[in-house]
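The values are calculated or read from the model by the stated rules, or taken from the named source; none is laboratory data. The structure displayed is predicted, hence computed values, not measured ones. Here the Cβ positions follow ideal geometry from the backbone for every residue, glycine too, while neighbour counts run over all protein chains shown. Accessible surface areas use protein heavy atoms only, side chains included; no ligands, DNA or RNA. Shrake-Rupley method; radii C 1.70, N 1.55, O 1.52, S 1.80 Å.
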Amino acid sequence: MKQKTIQPEDMPGNYLKYTGRKTIVIIILVALVGGMGIFAICAGSAELTPGQVVMTLLGKGSENFEIVIWNIRLPRVIAAIVAGAGLSVAGCVMQNILRNPLADSFTLGISQGAAFGAAFAIVILGVGTVQTSSTDAVLINNPYLVTISAFVFSMVATTVILFLSSFVGVTPEGMILAGVALGSLFTAATTLIQYFAEDVKIAAIVFWTFGDLGRASWRDTGLIGALVLLAVIYFMLHRWDYNALASGEETAKGLGVDVHRLRLGGMAISSLISAVAVAFLGIIGFIGLVAPHMMRRFIGGDHRFLIPGATIMGCLLLLAADTLARTIIKPIILPVGAVTSFLGAPLFLYLLSRGFKRK
Amino acid sequence: MILSVDGVVFRYASHLVLNKIKFEVGRGDCLAILGTNGVGKSTLLKCINRILKPQQGVISIEKGELSKLNRREIAQKIGYVSQRQEGDRFTVFDAVILGRKPHITWNITDRDIQIANRIIKMLDLEPFSLRYIDELSGGELQKVVIARALAQEPRVLLLDEPTSNLDLKNQLDVLKIITKIVEEQQIAALVTMHDLNLAIRFANKFILLKERTIFAAGGAEVITPDNIEKVYAVPVAVESFQSIPVVVPL
């Protein structure tokens with residue numbers, strides 16, 4: 001990736017070496033996710049060794065380990081991988097099709113829509129109640145209703161933005177502004193609900209918005225994973241179109257890209273996977289911004305490599321953040337959303353200072 | 001005849017921009033589209049490759065009517081270089097190979113890499129081929145986007161003010177490359193320009209646009225002091241200096 005003067009006769013060869021290096025970066029990242037996954041399974045109140053983990057995953061471990069790994073640790077690790085992948089690849093594509101480095105489930109109002117949906121279900125639909133016996137003060141007695149409500153309202157934000165884009169003809173910059181407006185509208189509505197709610201329900205809303213990977217069952221994770229996989233395949237099929245669009249809208253049209261359709265399809269799918277991830281797991285900030293921007297710095301803007309690269313980087317970051325959240329002051333588990341924002345924001349500022357300097 | 005434009009009318013909302021534009025371009029022709037700011041030069045180029053859809057009129061390339069083709073098929077025949085260039089984190093080689101986009105089904109092939117390679121050599125871009133395009137100078141970037149359009153292997157090249165950001169040497173270089181390729185490959189280039197002296201040096205066909213339509217069209221004979229004064233509202237002399245025609249405002 002370093003620039004250098006090269007021998008003219010070697011040029012295609014050098015270009016293939018250059019793209020080959022990007023493939024190697026992605027393979028290394030995949031290996032890191034694997035390693036991080038094993039480490040994350042080992043870490044926790046019941047300490048395990050990597051050897052025990054591998055044996056158990058191969059079906060040769062003791063029964064105790066099997067329960068800990070299959071029922072507690074592994075679902076969480078897989079949830080981090082699929083949610084990280086989904087949030088990151090959605091951010092990567094949104095930033096491309098909206099031609100805006102800030103595009104993300106936050107700037108488009110999707111996350112705030114989900115938070116409002118959760119508050120709506122907990123307070124207005126009366127899902128949240130007080131629990132007396134357990135360690136948690138708050139119980140959501142019908143988590144599926146909360147998830148469905150969160151999903152519905154995040155899709156409301158998406159639908160409004162898609163409608164503005166396709167029928168009113170709002171520009172990409174306008175779509176970001178519309179997202180910011182929707183975001184503050186949903187935040188205001190959530191505040192109003194909280195204002196009139198009982199203390200316990202407010203606590204339930206706040207807890208929901210924290211973002212928690214332990215929330216997802218195997219079935220939830222499977223659903224998110226399947227959608228993310230389909231989305232990544234769809235995005236990869238259009239990787240050359242995204243490259244063309246990165247060179248400017250008119251250039252893309254001149255290269256035969258149906259920009260309007262590309263934008264509509266990309267927005268619909270990336271919003272859908274962000275909405276699903278947020279609805280099941282709560283709000284996890286900054287992965288959709290930090291992971292794609294990090295990959296742009298590492299391997300450049302070529303979507304042939306950026307889409308898989310950002311996907312894997314999202315897995316790695318969310319897995320690392322969650323492992324940190326579980327281990328830093330164990331046995332207390334910090335909300336992963338707070339950790340991603342806490343670490344993501346300084347990292348993002350650093351990337352900005354490196355990448356967006358005036359030349 | 002490679003491109004024919006017949007009766008093209010284009011309006012933005014109710015504002016008429018182009019009215020009954022009709023001309024033809026032959027193989028090996030380099031056509032300069034001239035006229036004042038805002039007269040519709042860029043709009044005309046965008047209508048030709050259907051980035052904008054004219055409300056009336058027929059545009060055909062080699063007898064094939066463009067309105068019957070999809071975007072990808074049009075991109076296989078027409079290469080377009082827009083006025084404004086945007087650089088991202090792409091290397092020069094990436095940017096040029098992107099020109100193969102209309103021909104790519106699933107992924108680039110060895111042939112695509114060879115074509116990009118040949119064009120990069122032709123435009124003397126090898127020393128930069130693995131540099132990021134957002135780190136290039138204006139002249140280098142302009143050559144890269146022209147290389148990208150050439151990698152499309154188009155029948156017609158549309159260039160919107162390709163020389164406007166370039167220094168003297170780069171202006172001459174870029175236009176020389178374009179005329180050479182047009183001549184060798186027997187394709188056609190349509191170029192919008194503001195510099196009349198560059199236009200008469202490199203183009204062999206001219207269109208003067210005035211008040212939404214063609215005021216004069218033809219070979220070098222249409223570049224007369226009379227025509228230019230009527231189009232630009234500036235009195236000029238057209239002289240020959242060391243056998244190079246020059247336009248001098250008076």
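Entry remark, the range A:296-343: residues being more than 14 Å from chain B (Cβ to nearest Cβ), crowded, with 21+ Cβ neighbours inside 10 Å and in contact with a helix residue (DSSP H, G or I) (Cβ under 6 Å, 6 or more places away or on another chain) number 16 in total. From the list A:LEU177, A:LEU185, A:LEU272, A:LEU192, the lone residue that is over 24 Å from the mean Cα position of the chain (by Cα) and in a helix (DSSP H, G or I) is A:LEU192. All conditions but one from (1) part of a strand (DSSP E or B); (2) open to solvent by 60 Å² or more (accessible area, probe 1.4 Å) apply to B:ALA216; the one that does not is (2).
Which of the residues that make up the range B:107-126 are assigned to a loop (DSSP other than H, G, I, E, B), crowded, with 18+ Cβ neighbours inside 10 Å and within 11 Å of another protein chain (Cβ to nearest Cβ)? B:ILE108, B:LEU125, listed by residue number.
Filtering the range A:1-28 down to residues that are basic (Lys, Arg) and modelled with pLDDT under 75, which residue is most open to solvent (accessible area, probe 1.4 Å)?
To start, the set of residues in the range A:1-28 that are basic (Lys, Arg) comprises A:2, A:4, A:17, A:21-22.
Filter once more, keeping what is modelled with pLDDT under 75: A:2, A:4.
Working: A:LYS2: 167, A:LYS4: 121 Å².
Ranking the qualifying residues of the range A:1-28, first place goes to A:LYS2.
Scanning the range A:75-94 for residues that are in contact with a Leu (Cβ under 8 Å, 6 or more places away or on another chain) and either under 21 Å from A:ALA320 (Cα atoms) or surrounded by fewer than 24 Cβ atoms within 10 Å (Cβ to Cβ) (or both) gives A:ARG76, A:VAL77, A:ALA79, A:ALA80, A:ILE81, A:ALA83, A:GLY84, A:GLY86, A:LEU87, A:SER88, A:GLY91, A:CYS92.
Go through B:ARG84, B:ARG50 for me and flag whichever is in a loop (DSSP other than H, G, I, E, B) and within 8 Å of chain A (Cβ to nearest Cβ). Full working, then the answer.
Values: B:ARG50 fails: within 8 Å of chain A (Cβ to nearest Cβ).
Being in a loop (DSSP other than H, G, I, E, B) and within 8 Å of chain A (Cβ to nearest Cβ) holds for just one of B:ARG84, B:ARG50, which is B:ARG84.
Residues in the range B:77-106 that are open to solvent by less than 60 Å² (accessible area, probe 1.4 Å) and polar (S, T, N, Q): B:SER82, B:GLN85, B:THR91.
Here is the figure for the range A:213-252: residues that are open to solvent by less than 50 Å² (accessible area, probe 1.4 Å), within 14 Å of chain B (Cβ to nearest Cβ) and either touching a strand residue (DSSP E or B) at 6+ places or on another chain (Cβ under 8 Å) or under 13 Å from A:ILE78 (Cα atoms) (or both) total 1. When restricted to residues that are facing chain A (nearest Cβ under 8 Å) and either over 21 Å from A:PRO101 (Cα atoms) or acidic (Asp, Glu) (or both), the range B:87-96 contains 3. Taking every residue in the range A:39-61 that is modelled with pLDDT of 85 or more and pairing it with any residue that is loosely packed, with under 13 Cβ neighbours inside 10 Å and in a loop (DSSP other than H, G, I, E, B), at least 6 positions away or on another chain, the pairs with Cβ-Cβ distances below 7 Å are A:CYS42/A:THR49.
Can you tell which of B:LEU166, B:LEU175 is of a type outside the set (Asp, Glu), assigned to a loop (DSSP other than H, G, I, E, B) and open to solvent by less than 20 Å² (accessible area, probe 1.4 Å)? Quick ask: steps written out before the conclusion?
Details: B:LEU175 fails: assigned to a loop (DSSP other than H, G, I, E, B).
When all the criteria are applied, what remains is B:LEU166.
Taking the conditions (1) in a helix (DSSP H, G or I); (2) of a type in the set (Gly, Ala, Ser); (3) on the phi > 0 side of the Ramachandran plot in turn, B:GLY57 satisfies each one other than (1). Within the range A:257-275, being more than 23 Å from A:GLY109 (Cβ to Cβ) and crowded, with 24+ Cβ neighbours inside 10 Å holds for one residue alone: A:VAL257. Screening the range B:62-76 for residues that are farther than 18 Å from B:GLY26 by Cα and among the small types (Gly, Ala, Ser) and picking the one that is farthest from the chain's Cα centre (by Cα) gives B:SER67.
The residues in the range B:127-143 that are in a helix (DSSP H, G or I) and at the interface with another protein chain (Cβ under 10 Å from one of its Cβ atoms) can be counted, and the count is 5.
So that you can scan it fast, the table gives a plain yes or no per residue for (1) farther than 19 Å from B:VAL156 by Cβ; (2) without any contact (Cβ under 8 Å) to a residue 40 or more places away in the chain:
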site	(1), (2)
B:GLY40	no, no
B:LEU44	no, no
B:PRO54	no, no
B:LYS68	no, yes
B:ARG72	no, yes
B:ARG84	yes, yes
B:THR91	yes, no
B:ILE108	yes, yes
